[in-house]
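The structure under discussion appears below in the form of structure tokens.
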Amino acid sequence: MSGKVAPGKRVSSWLGLISLGAAAALVAAACAGGGSSARHAAAHPPTRQAVAHPPVSPSGCTATVTLVESWPGGYRGTATIGNTGGRPMRDWYIQWIMPRGATLTQAWNGTPMQSGPVAMIHAPAGKPALSPGSTVSDIGFVGAAASPPTFTQITCG
């Protein structure tokens, strides 16, 4: 073999990158639309590819997403978010990337959404604010996956 990349492979790589960018844009658009407040839409950080301004959000947060158990075809996980800033976080969210084919099907103590590999849990309607210094640790979710998923690029706001 000559070391050249077959034309189909190059197109496949570009399509994968375009698909990931489109998935992130769809999640952001779904979050900003559908009756969410402008304040909520402004709280989401810009994508890493086009960081032009710092995100309009509280001064900080921490988040974890953990796989608790898995079984053939599914899994269960937990998430936590903490407000490390000095102001309440309104309409908080936790976002992460999942492997290809893994889906987020249900959540409790948060509202789930997913577009492609980008999964997100938003504050539940009854608890939209997180006070400074507070942590929400009773967020849970289940999903479908062929093998135990890994959760990467975890962000919050």
Quiz item: So, counting K/R as plus one and D/E as minus one, what does the shell of residues with Cβ under 15 Å around Gly60 add up to?
Solution: +2
Quiz item: How long is the gain from Arg76 to Asp138 if the chain were fully straight, where each residue apart is worth 0.36 nm and the alpha carbon distance is subtracted?
Solution: 21.0 nm
Quiz prompt | Separation in nanometres of the label points that stand 7 Å from Cα toward Cβ, at Trp108 and Val68 | solution = 0.7 nm
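Only the coordinates and a few stated rules stand behind these numbers; no lab work does. Everything quoted here is computed from the prediction, not taken from an experiment. Methodologically, a virtual Cβ is constructed for each residue, glycine included, from the backbone with ideal geometry; neighbour enumeration extends over all protein chains shown.
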